[in-house]
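Read the structure below first, then the notes.
The values are calculated or read from the model by the stated rules, or taken from the named source; none is laboratory data. These figures come from a predicted structure and were not determined experimentally. Positions of Cβ are generated from backbone atoms using ideal geometry, with glycine treated the same way; all protein chains shown enter the neighbour counts.
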Amino acid sequence: MIALARRIAVRRTLATAGWILACLVLLTPLVVRTCLFQAFNMPSGSMMPTLVIGDYFAVSKFAYGYSRFSLPFAPNVGPGRIFPAAPQRGDIVVFRLPRDEATDYVKRVVGLPGDRIQMIKGVLHINGEAVKRERIEDFVDTSDGRAVPVRRFRETLPNGVSYETLDLVDNGFLDNTPEYAVPADHYFMLGDNRDNSTDSRVPSQVGYVPGDHLVGRVGMVILSIGRDGDDTPTLRLDRVAVRVR
(Lines give C-alpha, C1' and ligand atoms only; values in the text may rest on other atoms or scores of the structure.)
Protein backbone atom coordinates (compact mmCIF):
# COMPACT_ATOMS: atom_id res chain seq x y z
CA MET A 1 0.00 0.00 0.00
CA ILE A 2 2.84 2.39 0.83
CA ALA A 3 4.51 1.77 -2.54
CA LEU A 4 1.18 2.33 -4.35
CA ALA A 5 0.59 5.58 -2.47
CA ARG A 6 4.08 6.75 -3.40
CA ARG A 7 3.47 5.93 -7.08
CA ILE A 8 0.18 7.84 -7.02
CA ALA A 9 1.90 10.82 -5.36
CA VAL A 10 4.66 10.79 -7.97
CA ARG A 11 2.11 10.67 -10.82
CA ARG A 12 0.19 13.58 -9.30
CA THR A 13 3.42 15.58 -8.92
CA LEU A 14 4.40 14.88 -12.54
CA ALA A 15 0.91 15.79 -13.76
CA THR A 16 1.02 19.07 -11.82
CA ALA A 17 4.49 19.85 -13.18
CA GLY A 18 3.23 19.07 -16.70
CA TRP A 19 0.31 21.48 -16.31
CA ILE A 20 2.63 24.19 -14.98
CA LEU A 21 5.04 23.68 -17.89
CA ALA A 22 2.17 23.78 -20.41
CA CYS A 23 0.84 26.99 -18.88
CA LEU A 24 4.30 28.57 -19.04
CA VAL A 25 4.69 27.56 -22.69
CA LEU A 26 1.30 29.04 -23.53
CA LEU A 27 1.58 32.18 -21.43
CA THR A 28 5.20 33.18 -22.10
CA PRO A 29 4.55 34.57 -25.63
CA LEU A 30 1.55 36.50 -24.29
CA VAL A 31 3.57 37.95 -21.41
CA VAL A 32 6.44 38.89 -23.75
CA ARG A 33 4.06 40.51 -26.24
CA THR A 34 2.16 42.38 -23.53
CA CYS A 35 4.98 43.49 -21.25
CA LEU A 36 8.26 43.36 -23.15
CA PHE A 37 8.35 43.38 -26.96
CA GLN A 38 5.99 43.18 -29.90
CA ALA A 39 6.79 42.76 -33.59
CA PHE A 40 5.29 45.04 -36.26
CA ASN A 41 5.82 45.32 -40.00
CA MET A 42 6.25 48.37 -42.24
CA PRO A 43 3.51 48.43 -44.91
CA SER A 44 4.32 51.85 -46.44
CA GLY A 45 7.25 54.05 -47.41
CA SER A 46 6.40 56.87 -44.99
CA MET A 47 9.47 56.21 -42.80
CA MET A 48 12.04 55.69 -45.56
CA PRO A 49 15.00 55.58 -45.48
CA THR A 50 14.97 54.56 -41.80
CA LEU A 51 12.32 51.88 -42.23
CA VAL A 52 11.44 50.48 -45.63
CA ILE A 53 8.48 48.49 -46.92
CA GLY A 54 8.84 44.87 -45.82
CA ASP A 55 10.76 45.59 -42.60
CA TYR A 56 9.65 43.72 -39.49
CA PHE A 57 10.78 45.46 -36.33
CA ALA A 58 10.68 44.97 -32.57
CA VAL A 59 8.96 47.53 -30.35
CA SER A 60 9.84 47.92 -26.67
CA LYS A 61 6.59 47.95 -24.67
CA PHE A 62 8.25 48.97 -21.40
CA ALA A 63 10.11 52.01 -22.79
CA TYR A 64 7.32 54.44 -21.89
CA GLY A 65 5.38 52.39 -19.34
CA TYR A 66 2.04 50.74 -19.98
CA SER A 67 -1.35 52.03 -21.06
CA ARG A 68 -4.42 50.13 -22.23
CA PHE A 69 -2.92 50.16 -25.73
CA SER A 70 -0.07 48.00 -24.42
CA LEU A 71 -2.57 45.20 -23.86
CA PRO A 72 -4.03 42.85 -26.48
CA PHE A 73 -7.34 44.21 -27.80
CA ALA A 74 -6.80 47.49 -25.86
CA PRO A 75 -9.42 46.84 -23.12
CA ASN A 76 -11.02 49.94 -21.64
CA VAL A 77 -9.18 49.93 -18.30
CA GLY A 78 -8.98 53.70 -18.03
CA PRO A 79 -6.66 56.51 -19.18
CA GLY A 80 -3.05 57.15 -18.21
CA ARG A 81 0.05 54.98 -17.96
CA ILE A 82 1.64 52.71 -15.36
CA PHE A 83 5.37 53.33 -14.80
CA PRO A 84 5.26 56.26 -17.25
CA ALA A 85 8.35 57.59 -19.03
CA ALA A 86 8.33 60.39 -21.59
CA PRO A 87 9.61 59.83 -25.13
CA GLN A 88 12.53 61.92 -26.31
CA ARG A 89 12.79 63.97 -29.47
CA GLY A 90 13.95 61.69 -32.26
CA ASP A 91 12.43 58.48 -30.88
CA ILE A 92 10.62 56.35 -33.45
CA VAL A 93 7.40 55.15 -31.88
CA VAL A 94 4.38 53.01 -32.61
CA PHE A 95 1.13 54.61 -31.49
CA ARG A 96 -2.59 54.14 -31.86
CA LEU A 97 -4.19 56.61 -34.22
CA PRO A 98 -6.31 59.07 -32.19
CA ARG A 99 -9.20 59.06 -34.69
CA ASP A 100 -9.12 55.26 -35.11
CA GLU A 101 -7.81 53.51 -32.01
CA ALA A 102 -7.66 50.14 -33.78
CA THR A 103 -4.96 51.36 -36.19
CA ASP A 104 -1.20 51.38 -35.41
CA TYR A 105 1.05 54.07 -36.90
CA VAL A 106 4.83 54.40 -36.76
CA LYS A 107 6.45 57.86 -36.87
CA ARG A 108 9.25 59.91 -35.31
CA VAL A 109 8.66 62.17 -32.30
CA VAL A 110 9.79 65.72 -33.14
CA GLY A 111 7.53 67.82 -30.89
CA LEU A 112 7.13 67.55 -27.12
CA PRO A 113 4.36 69.05 -24.97
CA GLY A 114 4.56 72.86 -25.14
CA ASP A 115 6.66 72.93 -28.34
CA ARG A 116 5.81 75.02 -31.39
CA ILE A 117 6.33 73.08 -34.62
CA GLN A 118 6.31 74.37 -38.18
CA MET A 119 7.53 73.37 -41.64
CA ILE A 120 8.92 76.23 -43.76
CA LYS A 121 10.11 75.41 -47.30
CA GLY A 122 10.63 71.80 -46.30
CA VAL A 123 12.72 72.65 -43.21
CA LEU A 124 11.52 71.63 -39.76
CA HIS A 125 11.34 74.47 -37.21
CA ILE A 126 11.06 73.86 -33.46
CA ASN A 127 10.16 76.80 -31.23
CA GLY A 128 11.05 79.27 -33.97
CA GLU A 129 14.48 77.76 -34.76
CA ALA A 130 15.32 75.87 -37.94
CA VAL A 131 16.54 72.32 -37.34
CA LYS A 132 19.99 71.64 -38.80
CA ARG A 133 19.64 69.96 -42.20
CA GLU A 134 22.44 68.97 -44.59
CA ARG A 135 22.32 67.37 -48.02
CA ILE A 136 23.92 63.93 -48.29
CA GLU A 137 24.16 61.25 -50.99
CA ASP A 138 20.93 60.33 -52.76
CA PHE A 139 18.90 57.40 -51.47
CA VAL A 140 18.09 54.75 -54.07
CA ASP A 141 14.50 53.58 -53.74
CA THR A 142 13.96 50.04 -55.06
CA SER A 143 10.63 49.35 -53.36
CA ASP A 144 8.74 48.90 -56.67
CA GLY A 145 11.50 46.92 -58.38
CA ARG A 146 13.09 49.95 -60.08
CA ALA A 147 16.10 51.96 -58.86
CA VAL A 148 14.92 55.55 -58.30
CA PRO A 149 17.29 58.15 -56.78
CA VAL A 150 15.71 60.39 -54.12
CA ARG A 151 17.20 63.45 -52.42
CA ARG A 152 18.38 62.61 -48.92
CA PHE A 153 19.20 64.88 -45.99
CA ARG A 154 20.67 64.44 -42.53
CA GLU A 155 18.59 66.21 -39.89
CA THR A 156 19.87 66.89 -36.37
CA LEU A 157 17.46 67.81 -33.58
CA PRO A 158 18.31 70.22 -30.74
CA ASN A 159 19.04 67.29 -28.40
CA GLY A 160 21.67 65.92 -30.83
CA VAL A 161 19.63 63.06 -32.28
CA SER A 162 20.54 62.71 -35.96
CA TYR A 163 18.78 60.75 -38.69
CA GLU A 164 18.09 60.75 -42.43
CA THR A 165 15.06 62.13 -44.25
CA LEU A 166 13.88 62.09 -47.85
CA ASP A 167 12.65 65.03 -49.96
CA LEU A 168 10.76 63.86 -53.04
CA VAL A 169 9.66 67.22 -54.46
CA ASP A 170 10.20 70.94 -53.92
CA ASN A 171 7.32 72.82 -52.31
CA GLY A 172 5.36 69.69 -51.54
CA PHE A 173 1.88 69.81 -50.04
CA LEU A 174 3.24 69.64 -46.47
CA ASP A 175 6.49 71.59 -46.95
CA ASN A 176 4.86 74.79 -45.66
CA THR A 177 2.50 74.58 -42.70
CA PRO A 178 1.01 76.78 -40.02
CA GLU A 179 2.67 76.73 -36.60
CA TYR A 180 1.39 73.93 -34.38
CA ALA A 181 1.33 74.37 -30.58
CA VAL A 182 1.66 70.93 -29.01
CA PRO A 183 -0.81 70.53 -26.08
CA ALA A 184 0.11 69.13 -22.67
CA ASP A 185 0.63 65.34 -22.64
CA HIS A 186 0.62 65.20 -26.45
CA TYR A 187 3.33 64.68 -29.07
CA PHE A 188 3.96 65.82 -32.63
CA MET A 189 4.96 63.08 -35.10
CA LEU A 190 6.63 63.25 -38.51
CA GLY A 191 7.50 60.59 -41.07
CA ASP A 192 11.09 60.60 -42.35
CA ASN A 193 9.79 60.48 -45.94
CA ARG A 194 8.51 64.04 -45.66
CA ASP A 195 6.55 64.25 -48.92
CA ASN A 196 4.97 60.83 -48.51
CA SER A 197 3.79 60.71 -44.90
CA THR A 198 0.42 61.35 -43.30
CA ASP A 199 1.42 62.53 -39.84
CA SER A 200 0.76 65.26 -37.25
CA ARG A 201 0.89 67.88 -40.02
CA VAL A 202 -2.53 66.60 -41.07
CA PRO A 203 -4.88 67.31 -38.13
CA SER A 204 -7.87 65.59 -39.76
CA GLN A 205 -5.93 62.32 -40.11
CA VAL A 206 -3.38 62.21 -37.26
CA GLY A 207 -2.86 65.51 -35.45
CA TYR A 208 -1.40 65.61 -31.94
CA VAL A 209 -0.91 62.16 -30.38
CA PRO A 210 -1.95 61.70 -26.71
CA GLY A 211 0.67 60.21 -24.43
CA ASP A 212 -1.49 57.23 -23.47
CA HIS A 213 -1.77 56.25 -27.17
CA LEU A 214 1.93 55.35 -27.34
CA VAL A 215 2.46 51.61 -27.74
CA GLY A 216 6.26 51.59 -27.53
CA ARG A 217 9.62 52.58 -28.98
CA VAL A 218 11.02 50.96 -32.13
CA GLY A 219 14.35 49.30 -31.44
CA MET A 220 15.59 46.95 -34.16
CA VAL A 221 14.74 45.46 -37.55
CA ILE A 222 14.39 41.73 -36.98
CA LEU A 223 13.50 40.67 -40.54
CA SER A 224 13.19 42.39 -43.90
CA ILE A 225 11.57 41.02 -47.05
CA GLY A 226 11.84 42.83 -50.37
CA ARG A 227 10.75 42.19 -53.94
CA ASP A 228 12.99 41.71 -56.95
CA GLY A 229 12.22 42.74 -60.54
CA ASP A 230 9.68 39.95 -61.14
CA ASP A 231 8.02 40.50 -57.72
CA THR A 232 9.65 37.46 -56.11
CA PRO A 233 10.09 37.84 -52.33
CA THR A 234 13.73 38.18 -51.26
CA LEU A 235 15.32 38.28 -47.82
CA ARG A 236 17.31 41.47 -47.18
CA LEU A 237 20.10 40.10 -45.00
CA ASP A 238 21.79 43.50 -44.80
CA ARG A 239 18.81 44.88 -42.84
CA VAL A 240 18.48 42.05 -40.32
CA ALA A 241 19.43 43.13 -36.77
CA VAL A 242 19.83 46.77 -37.85
CA ARG A 243 19.29 49.16 -34.95
CA VAL A 244 16.59 51.74 -35.66
CA ARG A 245 17.29 55.35 -34.69
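Any idea which of Gly160, Gly226 is in a loop (DSSP other than H, G, I, E, B) and of a type outside the set (Ser, Thr, Tyr)? Don't jump to the end; show me each part of the working.
Values: Gly226 fails: in a loop (DSSP other than H, G, I, E, B).
Criteria check complete, one pass: Gly160.
Identify the single condition in (1) farther than 21 Å from Val244 by Cα; (2) assigned to a strand (DSSP E or B) that Gly172 does not satisfy, given that it satisfies every other one.
(2)
Taking the criterion of being at pLDDT 95 or above and crowded, with 19+ Cβ neighbours inside 10 Å, would at least one residue in the stretch 174-182 satisfy it?
Taking every residue of the stretch 174-182 in turn, at least one turns out to be at pLDDT 95 or above and crowded, with 19+ Cβ neighbours inside 10 Å.
Under 7 Å between Cβ atoms, which residue pairs at least 6 apart in sequence (or on different chains) link something in the stretch 56-70 that is closer than 8 Å to Arg81 by Cβ with a partner that is aromatic (Phe, Trp, Tyr)?
Filtered contacts from the stretch 56-70: Gly65/Phe83; Tyr66/Phe83.
Any residue in the stretch 72-80 that is in a helix (DSSP H, G or I), under 19 Å from Tyr105 (Cβ atoms) and modelled with pLDDT under 90? Write out each step before concluding.
Applying the first criterion (in a helix (DSSP H, G or I)) to the stretch 72-80 yields none.
Within the stretch 72-80, none of the residues are in a helix (DSSP H, G or I), under 19 Å from Tyr105 (Cβ atoms) and modelled with pLDDT under 90.
In the stretch 212-228, how many residues are under 14 Å from the mean Cα position of the chain (by Cα) and of a type outside the set (A, V, I, L, M, F, W, C)? Give the steps one after another, and end with the answer.
Within the stretch 212-228, the first condition is being under 14 Å from the mean Cα position of the chain (by Cα), and the residues that meet it are 213-222.
Narrowing the set further to residues that are of a type outside the set (A, V, I, L, M, F, W, C) leaves 213, 216-217, 219.
Total satisfying the criteria: 4.
Hey, any hits in the stretch 188-209 for a residue that's in a strand (DSSP E or B) and either at pLDDT below 95 or in contact with a helix residue (DSSP H, G or I) (Cβ under 7 Å, 6 or more places away or on another chain) (or both)? Break it down stepwise before answering.
Start the filter on the stretch 188-209 by keeping residues that are in a strand (DSSP E or B), which leaves 188-190, 193, 209.
Of the ones still in play, those that are also either at pLDDT below 95 or in contact with a helix residue (DSSP H, G or I) (Cβ under 7 Å, 6 or more places away or on another chain) (or both) are none.
No, there is no match, as no residue in the stretch 188-209 is in a strand (DSSP E or B) and either at pLDDT below 95 or in contact with a helix residue (DSSP H, G or I) (Cβ under 7 Å, 6 or more places away or on another chain) (or both).
Among the residues of the stretch 114-123, is any surrounded by fewer than 20 Cβ atoms within 10 Å (Cβ to Cβ), within 18 Å of Gly207 (Cα to Cα) and acidic (Asp, Glu)?
Checked the stretch 114-123: at least one residue is surrounded by fewer than 20 Cβ atoms within 10 Å (Cβ to Cβ), within 18 Å of Gly207 (Cα to Cα) and acidic (Asp, Glu).
Select from the stretch 124-153 the residues that are of a type in the set (D, E, K, R), surrounded by 12 or more Cβ atoms within 10 Å (Cβ to Cβ) and farther than 24 Å from Gly54 by Cβ and list them in ascending order.
Lys132, Arg133
Look through the stretch 210-223, keep the residues that are part of a strand (DSSP E or B), in contact with a helix residue (DSSP H, G or I) (Cβ under 8 Å, 6 or more places away or on another chain) and not β-branched (Val, Ile, Thr), and return whichever of them is farthest from Leu97 (Cα to Cα). Show your work before the answer.
So in the stretch 210-223, the residues part of a strand (DSSP E or B) come out as 210, 214-223.
This time we only want the ones that are in contact with a helix residue (DSSP H, G or I) (Cβ under 8 Å, 6 or more places away or on another chain), so: 214-216, 221.
Then drop every residue that is not not β-branched (Val, Ile, Thr), which leaves 214, 216.
On the way: Leu214: 9, Gly216: 13 Å.
Here the residue is Gly216.
Just to confirm my filter: which strands (runs of 3 or more DSSP E) fall fully inside the stretch 87-137 and include at least 2 residues that are in contact with a Lys or Arg (Cβ under 6 Å, 6 or more places away or on another chain) and more than 14 Å from Arg194 (Cα to Cα)? Give the steps one after another, and end with the answer.
Details: elements: 92-97, 100-111, 116-120, 123-126.
Ranges flagged: 92-97.
Which numbered condition trips up Glu101, out of (1) touching a Phe, Trp or Tyr at 6+ places or on another chain (Cβ under 8 Å); (2) under 25 Å from Gly54 (Cβ atoms); (3) modelled with pLDDT under 95?
Result: Glu101 passes all but (2).
Look through the stretch 157-169, keep the residues that are farther than 13 Å from Arg135 by Cβ and over 18 Å from the mean Cα position of the chain (by Cα), and return whichever of them is surrounded by the most Cβ atoms within 10 Å (Cβ to Cβ). Even if it seems obvious, please write down each step before you answer.
Here is the first cut: in the stretch 157-169, the ones farther than 13 Å from Arg135 by Cβ are 157-163, 168-169.
Still in the running and over 18 Å from the mean Cα position of the chain (by Cα): 157-160, 168-169.
Numbers: Leu157: 18, Pro158: 12, Asn159: 9, Gly160: 8, Leu168: 15, Val169: 13.
Ranking the candidates gives Leu157 first.
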